[in-house]
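S.K.: Mind looking over this structure? Questions follow.
The values are calculated or read from the model by the stated rules, or taken from the named source; none is laboratory data. Note that the coordinates shown come from a computational prediction; the quantities given were computed from them, not determined experimentally. In this analysis, Cβ positions are derived from the backbone assuming ideal geometry, glycine residues included, and neighbour counts consider all displayed protein chains. Just the protein is used for accessible areas: all its heavy atoms, side chains included, with ligands, DNA and RNA removed. Shrake-Rupley method; radii C 1.70, N 1.55, O 1.52, S 1.80 Å.
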Amino acid sequence: MNRLFSLLAKMLERYTFTQRLIIIIIFIGIISSIISLVIWAGRPEYQILFSNLPPANASQVVTELQSKKIPYKLENSGQTILVPANKVAELRLHFAELGYGAESVKGYEIIDDSKIGMTTFMQELNMKRALEGELMKTINQFSEIRNCRVHLVLPENRLFEQNQQGSASVVVYLEPGKTLSDRQVRGIASLVSNSIKGVKPENVVVVDSDGNLLSSNLQEEEALGSAGTQWDLKTREESRLQQKVRDIVENVVGPNNAVVKVALEMNFEQVERTTEIPVLDNVVVLSEEVHTEHSNDADSTTGARTNRKRENAITNYDVGHLREHYIGNTGTIKRLSVAVLVNGYYNSRKTPDGKEELQYQPRSNKELDQIASLVKSAVGFDEKRGDQVEVQNIQLSTSNYTSDRQYFEQAEKQQFWGDLINRGLIGLGLLAAFLILRSLYRSMGKVLPTAIPLPVKIAGTLESTTPAGELTYTGDSQAEIPEDMYMTKLSPEAKAKLKAKDRMTTEVMNYAKENPEDAAKLIRSWLTQPHITR
C-alpha cells in the first residue's frame, strides 16, 4: 500500500497544482458516482401497500409494520403507505387476514356477527346499517367518487297508515379534478330509491363534500322538463350545424379564418288528427228487412175467390269511409338562419425600409357566392321555409393568434437551444474527461522506474581523455580494460556516480533474487510500455 501511495505521489509530482486539483476532483467524482450507483442499486424499491386509508386504519398498519421492523414510507398526508416491492403481496395478505387494510365499510357482514337474544330494535338497526354499507360499497365503485356516506330514513310499518315513505341522503367525496354530471346524479338517486323499499327518487338528496346540492327537485324538473328538453335539443342541433358549416368553410379559407353562427326556430307543437273520407264507389249493405203479406178474398155473389200477396222490403246501405290518423312530428326545424364571416387574404410585401409586412386583401364576390352555395347545401337550405344564409367578408382580428404563435415559436426556439446547449456541455465534459484520463494513462509509464544499466565489459585500451574529461578508447574490442586503469582516469564525481550505480545494481539484483515475481512484473510493465526507450 505504501508503494502504491508513493507511486501516486511520484505521478502527481509531474503536474502543476491546477492539474493536480483537477485530477483529484475527477477522481473524487468518479468514486462518488460509483458509490452512489451502488447505493442506488442496493436501495429497495417501494410500492403502494394501501392508499386513501382512514387515519384509524393507517395508524394500525403503521404500528404493525413497526413491530415487524419493516421499512415503510408515508405519502399523501399519511393516507398512502409504501413498502418494499418484494413484500407487497405478502403484507397485503397478512393485513387482509387481520382486517386492517380491508374494506372499512361493512355491509351484510354485520348480520353475520349477529348474536342470539338481540332485540327487534337492534335487528332493525343492523339491517339499516347493512343497507347503508352495501350502498356505500356500490357508489364507491364510480371512478369519480373517492368515498361516500349514505344515510337512510326507513319508513316504519304502522297499522292503518298508508303511503309510507322514507328518504335518503348521500354525501360524495370526489376525486381531485373530477365532477359528476346530472345524469350520474340522477343515476345515484335512482340506485338508492330502487334499493330501498318506500324511498322515491325525489326523496333522495345528493351533496358533495363542500355542501353543494347536486340533486335538484324532481318536481321542479317535471314542471320545467318540457322547456328544458326543448332548449337542450335546440342548442344541440345548433352546435351540430355550426360544426358542420365550420368544417366546410375552414377547409376553404383556412383555420381560424371563419366565424359561423346558426340560429334555429324549431316547432315543438304536437298535432294529432283523425280524418274520415267517404268513398262513394264502395257501397255496402248493412241490413235488409223484407215483410210479405198474403190475403184471400171471396165474392159472395159470384162465389169467386181472390189471392193477394204484398211484400215490403227495407234495406240499409252504408257508404265506405277512408279513415286517416295523423300525428305530427315534434322538434322539426321551422326556420333556419346561418351567418358566416370569412377573413380575406394576407399578402407579403416589402416596405421602403426593406422590412416585410402583411397586406390585407378582401375576397371577391364570386368566392363568397361559392362559399354560400356550399353552406346552403350543408345545412339543407329551404327557401320556402324562409331560411336565410349570409356570407360576409370582414377582416378578422388576429392579434391574439399572432401573439400566441410568436410566444410558442419563441418557447420552441428556447427549448431547442437549451437542449442543444445541454447536450453540447455534456459532450464537452465527456470529451474533457476522456482527454484527461488518456493523458494520465500515457503519463503513468513515464513515472515508473527506468531500466538500470548493467556493467558491460569493454575490450580495448584507454589512451587519453578529451577536453571534456571523457575517455577515448583504442585497441582490440575483444580485450578487457584493466579496472585500476579505468578508475584512475575518472574524476572524483564520476567515481562517486559509478560507485552509486554499482550499489544500485547490487540492490536491484538482490531484490530480483529475493522477489522474482515482483521483478518479473516490473520487467513485463517495461516491455508493455511502447514509449519507454529500451
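S.K.: Inspect all residues belonging to the range 146-161 and state whether any of them is touching an Asp or Glu at 6+ places or on another chain (Cβ under 9 Å), modelled with pLDDT under 85 and within 24 Å of G211 (Cβ to Cβ).
M.R.: Checked against the condition, which is being touching an Asp or Glu at 6+ places or on another chain (Cβ under 9 Å), modelled with pLDDT under 85 and within 24 Å of G211 (Cβ to Cβ), the range 146-161 yields at least one hit.
S.K.: Quick test for you: out of R442, R405, pick the one residue that is surrounded by 11 or more Cβ atoms within 10 Å (Cβ to Cβ), farther than 30 Å from L8 by Cα, modelled with pLDDT under 75 and not β-branched (V, I, T).
M.R.: On the way: R442 fails: farther than 30 Å from L8 by Cα.
Just a single option satisfies the conditions, and that option is R405.
S.K.: Continuing with this model, one more query. I'm trying to understand the selection: among the residues of the range 72-95, which are under 17 Å from E45 (Cα atoms) and open to solvent by less than 60 Å² (accessible area, probe 1.4 Å)?
M.R.: If the condition is that a residue be under 17 Å from E45 (Cα atoms) and open to solvent by less than 60 Å² (accessible area, probe 1.4 Å), then T80, I81, L82, V83, P84, A85, V88, L91 are the ones that fit.
Here is a yes/no grid of residues against (1) under 27 Å from R186 (Cβ atoms); (2) in contact with a Pro (Cβ under 6 Å, 6 or more places away or on another chain); (3) surrounded by 11 or more Cβ atoms within 10 Å (Cβ to Cβ); (4) at pLDDT below 85:
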{"position": "S216", "(1), (2), (3), (4)": "yes, no, yes, yes"}
{"position": "G225", "(1), (2), (3), (4)": "yes, no, yes, yes"}
{"position": "W231", "(1), (2), (3), (4)": "yes, no, yes, yes"}
{"position": "V249", "(1), (2), (3), (4)": "no, no, yes, no"}
{"position": "N256", "(1), (2), (3), (4)": "no, no, yes, yes"}
{"position": "V271", "(1), (2), (3), (4)": "no, no, no, yes"}
{"position": "T292", "(1), (2), (3), (4)": "no, no, no, yes"}
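S.K.: Only one of (1) out of contact with any His (no Cβ under 6 Å at 6 or more places or on another chain); (2) without any contact (Cβ under 8 Å) to a residue 40 or more places away in the chain is not met by K309, so which one is it?
M.R.: (1)
S.K.: With respect to the numbered conditions (1) hydrophobic (A, V, I, L, M, F, W, C); (2) open to solvent by 90 Å² or more (accessible area, probe 1.4 Å); (3) in contact with a helix residue (DSSP H, G or I) (Cβ under 9 Å, 6 or more places away or on another chain), which one is the sole condition not fulfilled by A378?
M.R.: All conditions are met except number (2).
S.K.: Another question about this same structure. Would you call Y326 in contact with a strand residue (DSSP E or B) (Cβ under 7 Å, 6 or more places away or on another chain), open to solvent by less than 100 Å² (accessible area, probe 1.4 Å), of a type in the set (F, W, Y) and in contact (Cβ under 8 Å) with a residue 12 or more places away in the chain?
M.R.: no
S.K.: Right, here's the next one. If you go through the range 174-186 one residue at a time, do you hit one that is touching a residue at least 60 places away in the same chain (Cβ under 8 Å), within 30 Å of S51 (Cβ to Cβ) and either surrounded by 15 or more Cβ atoms within 10 Å (Cβ to Cβ) or not hydrophobic (A, V, I, L, M, F, W, C) (or both)? If you could, list the steps in order and put the result at the bottom.
M.R.: Taking the range 174-186 first, the residues touching a residue at least 60 places away in the same chain (Cβ under 8 Å) are none.
Looking through the range 174-186, none of the residues is touching a residue at least 60 places away in the same chain (Cβ under 8 Å), within 30 Å of S51 (Cβ to Cβ) and either surrounded by 15 or more Cβ atoms within 10 Å (Cβ to Cβ) or not hydrophobic (A, V, I, L, M, F, W, C) (or both).
S.K.: (1) modelled with pLDDT under 80; (2) open to solvent by 80 Å² or more (accessible area, probe 1.4 Å); (3) under 28 Å from I436 (Cα atoms): which one isn't true of I35, the others all being true?
M.R.: Here I35 meets the rest and fails (1).
S.K.: Could you tell me whether N347 is farther than 30 Å from V271 by Cα and surrounded by fewer than 13 Cβ atoms within 10 Å (Cβ to Cβ)? Outline the logic, then answer.
M.R.: Numbers: farther than 30 Å from V271 by Cα: yes; surrounded by fewer than 13 Cβ atoms within 10 Å (Cβ to Cβ): yes.
Here the answer is yes, as N347 does meet what is asked.
S.K.: Restricting the first residue to the range 101-116 and requiring it to be open to solvent by 80 Å² or more (accessible area, probe 1.4 Å), which pairs with a second residue that is modelled with pLDDT of 70 or more and not in a loop (DSSP other than H, G, I, E, B) meet a Cβ separation below 6 Å and a spacing of at least six or different chains?
M.R.: K106/G133; Y108/A130
S.K.: What residue, among those in the range 230-252 that are more than 16 Å from L336 (Cβ to Cβ) and acidic (D, E), is nearest to the chain's Cα centre (by Cα)?
M.R.: Ranking the qualifying residues of the range 230-252, first place goes to D247.
S.K.: Another question, then. Would you point out which residue out of D369, D387 is open to solvent by 50 Å² or more (accessible area, probe 1.4 Å) and closer than 30 Å to G254 by Cα?
M.R.: Numbers: D387 fails: open to solvent by 50 Å² or more (accessible area, probe 1.4 Å).
It is D369.
S.K.: Filtering the range 113-145 down to residues that are acidic (D, E) and in a helix (DSSP H, G or I), which residue is modelled with the lowest pLDDT? Break it down stepwise before answering.
M.R.: Filtering the range 113-145 down to residues acidic (D, E) leaves 113, 124, 132, 134, 144.
Cutting the leftovers down to in a helix (DSSP H, G or I) gives us 124, 132, 134.
Numbers: E124: 80, E132: 88, E134: 88.
Looking at the filtered set, the residue picked out is E124.
S.K.: Could I ask something else about it? Among the candidates V199, V192, V153, which residue alone is within 36 Å of the chain's Cα centre (by Cα) and β-branched (V, I, T)? Steps first, answer last, please.
M.R.: Numbers: V199 fails: within 36 Å of the chain's Cα centre (by Cα); V153 fails: within 36 Å of the chain's Cα centre (by Cα).
It is V192.
S.K.: Could you go through the range 249-270 and let me know if any residue there is free of Cβ contacts under 8 Å to residues at least 60 places away in the same chain, outside any strand (DSSP E or B) and in contact with a strand residue (DSSP E or B) (Cβ under 6 Å, 6 or more places away or on another chain).
M.R.: Yes, the range 249-270 contains a residue that is free of Cβ contacts under 8 Å to residues at least 60 places away in the same chain, outside any strand (DSSP E or B) and in contact with a strand residue (DSSP E or B) (Cβ under 6 Å, 6 or more places away or on another chain).
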